[in-house]
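What follows is one structure encoded as structure tokens, with my remarks underneath.
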Amino acid sequence: MGKITNFAFHPNDWRDDTLITKEIKALFCDIVGANNYDDTKVGRLVYSYDATPKYQAMPEAVIAPKNAAEVSAIIKICNNYKIPIVPRGSGTNLCAGTCPTEGGIVLLFKHMNSILEIDEENLTVTVEPGVITLDMIAAVEKKGLFYPPDPSSMKISTIGGNINENSGGLRGLKYGVTRDYVMSLEIVLPNGDIIQTGGKLAKDVAGYDLTRLFVGSEGTLGIITKATLKLIPMPEAKKTMLALYQDLEAAARSVSKIIANKIIPTTLEFLDQPTLKVVEDFAQIGLPTDVKAVLLIEQDGPLEIVEQDMKKIADICTAEKAISVQLAQSAEEAENLRTARRSALSALARLKPTTILEDATVPRSEIAKMVAAINEIAKKYSLDICTFGHAGDGNLHPTCTTDVRNQEEIERVEQAFAEIFQKAVELGGTITGEHGVGMMKAPYLHLKLGEAGINAMKAMKQAFDPNNIMNPGKIFAKDTRKRVVVAK
């Protein structure tokens with residue numbers, strides 16, 4: 001992860017210089033009203049950080065627009081005066097993507113939080129960016145419809161944040177990630193123009209696919225003010241299984257064998273023993289803690305197919321030396337298992353003051369090698385690193401509990417994660433599967449894309465945002481001389 005010494009501050013270390021003069025403040029207040037413009041110390045402090053450890057910087061103001069027209073007017077002023085803009089949902093991201101490291105304004109979508117339409121004929125839902133993910137999921141499920149992306153933060157994360165980070169979740173193996181469900185976007189460009197991409201269409205090849213370009217762009221190209229998302233019918237049935245292993249490689253082989261047998265489970269999650277112990281202490285639901293690893297497996301669909309698939313999966317796990325394969329006996333037990341997996345980060349966060357969760361991703365056939373490498377690296381640097389994640393798509397979450405006040409240990413953490421990212425790329429993987437680049441991964445982006453790839457992305461950024469006002473400092477390392485280089 002990148003060091004942030006230049007961005008750290010103390011609460012009483014306020015800026016004397018400002019990009020927002022009294023005259024510019026008056027312009028903003030004319031647009032949104034004085035009650036939706038906050039430049040108090042307390043108000044700014046609340047939005048000076050997100051869920052990412054170690055990153056904090058003060059914005060000059062927090063502005064809450066009510067519609068796309070107000071967003072456009074705000075952006076025109078920012079573009080004219082070169083004031084940075086950071087769009088923000090609930091701040092649950094783990095890459096420092098919403099930390100206002102260049103000052104400027106934080107754009108808050110607390111007023112733009114409506115579900116505008118559930119279209120049962122076209123199987124779509126249209127929402128504003130501030131809608132809470134789980135609220136939208138609950139609303140469409142009342143209509144018998146299903147929105148699959150389910151990030152662990154869905155109880156508090158917003159759809160706008162999910163789109164900007166291209167969030168995944170436990171159901172990503174079978175159903176894909178946020179990008180696979182975004183059909184149309186309303187976007188305010190850095191010059192204030194409002195454009196509409198895509199539509200409620202099964203086919204559309206009219207020009208460049210701007211919709212997919214903006215998904216996962218982390219607010220660096222424009223501001224999303226409305227989204228139309230694809231829905232599917234609610235699955236008829238669902239079953240949940242827990243497979244226990246005393247051998248990490250056996251668990252990894254089971255994952256590969258399940259997929260190789262042309263079975264795509266809804267969920268195929270991995271937790272190692274250190275994570276199991278912490279989660280059970282937190283959740284108290286009777287998880288086994290005397291095994292090296294567990295696979296949490298779910299399948300949904302027509303009941304006959306679900307039962308058939310789960311039997312095949314159980315046979316595969318048993319053949320691959322699972323010491324126990326247990327089906328959840330009730331919906332409540334199944335929900336407890338899912339909740340326990342989703343609570344892994346919260347459980348680990350109880351151990352030490354600082355929890356750093358990453359998401360190195362490898363081909364699923366390389367999971368065993370990646371987990372072994374993570375354990376070796378943790379031992380090398382004398383660190384506690386627990387590993388869990390989405391085994392079915394190779395997306396692992398090595399998580400280190402530490403203390404940001406212990407600078408010597410933090411330096412070891414940084415060295416360890418640098419090696420973890422390097423190993424993931426060596427195994428044909430990537431430095432981030434679903435958490436985004438932000439500032440955390442910017443020093444490592446060259447490991448995945450190379451200089452030519454980064455330059456191509458910079459050219460797109462420059463074309464859309466020549467004044468670099470859209471979430472500046474994210475994705476691209478500010479000083480290429482400080483990029484992390486791992487010795488081989």
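Some values worked out for this structure:
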item: Cβ pairs under 8 Å, 6+ apart, first in segment 59-73 and not assigned by TED's automatic domain parsing to the domain that holds Leu45, second at pLDDT 95 or above; result: none
item: From Glu451, Glu414, Glu366, residue being closer than 21 Å to Asn93 by Cβ, of a type in the set (D, E, K, R) and either touching a residue at least 40 places away in the same chain (Cβ under 8 Å) or outside the structural domain of Ala252 (by TED's automatic domain parsing) (or both); result: Glu414
item: Tally, over segment 118-153, of residues that are in contact with a Pro (Cβ under 8 Å, 6 or more places away or on another chain) and small (Gly, Ala, Ser); result: 1
item: Looking only at segment 363-392, and only at residues there that are of a type in the set (Gly, Ala, Ser) and crowded, with 22+ Cβ neighbours inside 10 Å, the one that is nearest to the chain's Cα centre (by Cα); result: Gly389
item: Segment 109-126: number of residues that are buried (at least 20 other Cβ atoms within 10 Å of the Cβ) and among the aliphatic types (A, V, I, L, M); result: 2
item: Candidate set: segment 70-117, residues that are in contact with a Pro (Cβ under 7 Å, 6 or more places away or on another chain) and among the aliphatic types (A, V, I, L, M); chosen: the one farthest from Val32 (Cα to Cα); result: Val86
item: Pairs where the first residue, in segment 245-268, is in the same structural domain as Gly168 (by TED's automatic domain parsing) and the second is assigned to a helix (DSSP H, G or I) and of a type in the set (Asp, Glu), C-beta under 8 Å, 6+ apart; result: none
item: Tally of residues being surrounded by 22 or more Cβ atoms within 10 Å (Cβ to Cβ) and under 18 Å from Ala57 (Cβ atoms) across segment 67-88; result: 7
item: Residue check for Ile132: in contact (Cβ under 8 Å) with a residue 60 or more places away in the chain, under 22 Å from the mean Cα position of the chain (by Cα) and more than 23 Å from Gly301 (Cβ to Cβ); result: no
item: Residues (farther than 17 Å from Leu170 by Cβ and either in contact with a helix residue (DSSP H, G or I) (Cβ under 6 Å, 6 or more places away or on another chain) or in contact (Cβ under 8 Å) with a residue 12 or more places away in the chain (or both)) located in segment 294-308; result: Pro302, Leu303, Glu307
item: Residues (in contact with a Lys or Arg (Cβ under 8 Å, 6 or more places away or on another chain) and among the aliphatic types (A, V, I, L, M)) located in segment 23-49; result: Val32
item: Residue list for segment 334-346, filter: crowded, with 16+ Cβ neighbours inside 10 Å and not hydrophobic (A, V, I, L, M, F, W, C); result: Asn336, Arg338, Arg341, Arg342, Ser343
item: Selection count where residues are within 21 Å of Asp290 (Cα to Cα) and either under 29 Å from the mean Cα position of the chain (by Cα) or hydrophobic (A, V, I, L, M, F, W, C) (or both), scope segment 302-345; result: 20
item: Test: Ile420 is in the same structural domain as Gln246 (by TED's automatic domain parsing), of a type outside the set (Gly, Ala, Ser), modelled with pLDDT of 95 or more and under 20 Å from the mean Cα position of the chain (by Cα); result: yes
item: Matching residues in segment 138-155 - criterion: being out of contact with any helix residue (DSSP H, G or I) (no Cβ under 7 Å at 6 or more places or on another chain) and either crowded, with 18+ Cβ neighbours inside 10 Å or farther than 25 Å from Asp300 by Cα (or both); result: Val140, Leu145, Asp150, Ser153
item: Filter result for Thr339 (under 20 Å from Gly172 (Cβ atoms), of a type in the set (Ser, Thr, Tyr) and free of Cβ contacts under 8 Å to residues at least 60 places away in the same chain); result: yes
item: Matching entry among Met470, Met440 (being modelled with pLDDT of 95 or more, under 22 Å from the mean Cα position of the chain (by Cα) and outside the structural domain of Asp150 (by TED's automatic domain parsing)); result: Met470
item: Some residue of segment 159-176 being surrounded by 15 or more Cβ atoms within 10 Å (Cβ to Cβ) and touching a Cys at 6+ places or on another chain (Cβ under 8 Å); result: yes
item: Residue among Pro274, Pro353 that alone is more than 21 Å from the chain's Cα centre (by Cα), surrounded by 18 or more Cβ atoms within 10 Å (Cβ to Cβ) and either free of Cβ contacts under 8 Å to residues at least 24 places away in the same chain or under 30 Å from Asn406 (Cα atoms) (or both); result: Pro274
item: Which numbered condition Thr480 misses (of (1) modelled with pLDDT of 95 or more; (2) out of contact with any helix residue (DSSP H, G or I) (no Cβ under 7 Å at 6 or more places or on another chain); (3) of a type in the set (Val, Ile, Thr)); result: (1)
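Results for (1) surrounded by fewer than 14 Cβ atoms within 10 Å (Cβ to Cβ); (2) modelled with pLDDT of 95 or more; (3) over 25 Å from the mean Cα position of the chain (by Cα), shown as yes or no for each residue.
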residue	(1), (2), (3)
Thr5	yes, no, no
Ile24	no, yes, yes
Asp30	yes, yes, yes
Tyr37	no, yes, yes
Val42	yes, yes, yes
Tyr47	no, yes, no
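The values are calculated or read from the model by the stated rules, or taken from the named source; none is laboratory data. Keep in mind that this is a model prediction, so the values were computed, not measured. Note that each Cβ is placed from the backbone with ideal geometry, even for glycine, and that neighbours are counted across all protein chains shown.
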